[in-house]
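K.L.:
Could you have a look at this structure, given as structure tokens, before my questions?
The values are calculated or read from the model by the stated rules, or taken from the named source; none is laboratory data. Just so you know, these numbers come straight off a predicted model, no measurement behind them. Neighbour counts run over all protein chains shown; Cβ positions are idealised from the backbone, glycine included.
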């Protein structure tokens, strides 16, 4: 339990620091907060014993795409001036601190948020085949959500405010580029889940 509290405290310290104390990548405070929400919803579902806990499953599904969405924030590294043409790097301390503040939360939140999916599926009592099918569907839905978040600039909360408009973007407006992005990002997520699964299996065998 102490580990859980430490994790949540660290997340909130990061959010406040990025929002109030940073100019470079200050947007990461909001992005990490949105990725933190599905982790909380999943924990509440798994910890509560009341039938009311099922309300957290659709909330988790609604906000879960914010977890893999963080991986697209890695492209903001291009704005740092620590890399020079020709493969040379500059010892710019501020730039490398910004690198740390961008990369570390992305790696941690993506790994924790995606690893938690296995615990959630086990709590729902899904079988192995059902887990695989659910992961496949979840990866596709998340990839579509990431696409409309990045390219159509649709925020997660807009699904609650303008559900019909967001639904039209989810099911429509398809072209070859969107199809390829959804395919590639789904493969990326399935690859990460595959890595997490095999790491968990190795740990159990030990």
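K.L.:
So which helices (runs of 4 or more DSSP H) are wholly in the stretch 108-206 and hold at least 3 residues that are at pLDDT 90 or above, closer than 24 Å to residue 7 by Cα and in contact with a helix residue (DSSP H, G or I) (Cβ under 9 Å, 6 or more places away or on another chain)?
P.N.:
In the stretch 108-206, the matching helices (runs of 4 or more DSSP H) lie at 176-205.
K.L.:
Determine which member of the set 83, 99 is surrounded by fewer than 19 Cβ atoms within 10 Å (Cβ to Cβ), in contact with a strand residue (DSSP E or B) (Cβ under 9 Å, 6 or more places away or on another chain) and without any contact (Cβ under 8 Å) to a residue 40 or more places away in the chain.
P.N.:
It is 83.
K.L.:
Please identify the pairs in which a residue from the stretch 2-21 that is at negative phi and free of Cβ contacts under 8 Å to residues at least 12 places away in the same chain has its Cβ atom under 9 Å from the Cβ atom of a residue that is outside any helix (DSSP H, G or I) and surrounded by 14 or more Cβ atoms within 10 Å (Cβ to Cβ), counting only partners at least 6 apart or on another chain.
P.N.:
Short answer, once both residue conditions are applied: 19/26; 20/26.
K.L.:
Of the residues that sit in the stretch 46-83 and are assigned to a loop (DSSP other than H, G, I, E, B) and under 11 Å from the mean Cα position of the chain (by Cα), which one is farthest from residue 119 (Cα to Cα)?
P.N.:
65
K.L.:
So, one more: Sort out which residues of the stretch 175-195 are surrounded by fewer than 16 Cβ atoms within 10 Å (Cβ to Cβ) and over 14 Å from residue 146 (Cα atoms), and write them in order of number.
P.N.:
Of everything in the stretch 175-195, those that are surrounded by fewer than 16 Cβ atoms within 10 Å (Cβ to Cβ) and over 14 Å from residue 146 (Cα atoms) turn out to be 175, 176, 191, 194, 195.
K.L.:
Related question: Can you tell me how many residues in the stretch 19-43 are part of a helix (DSSP H, G or I) and under 18 Å from the mean Cα position of the chain (by Cα)?
P.N.:
Result for the stretch 19-43: 16.
K.L.:
Please go through the stretch 22-34 and pick out each residue that is loosely packed, with under 14 Cβ neighbours inside 10 Å and either modelled with pLDDT of 85 or more or at positive phi (or both).
P.N.:
Selection gives 27 alone.
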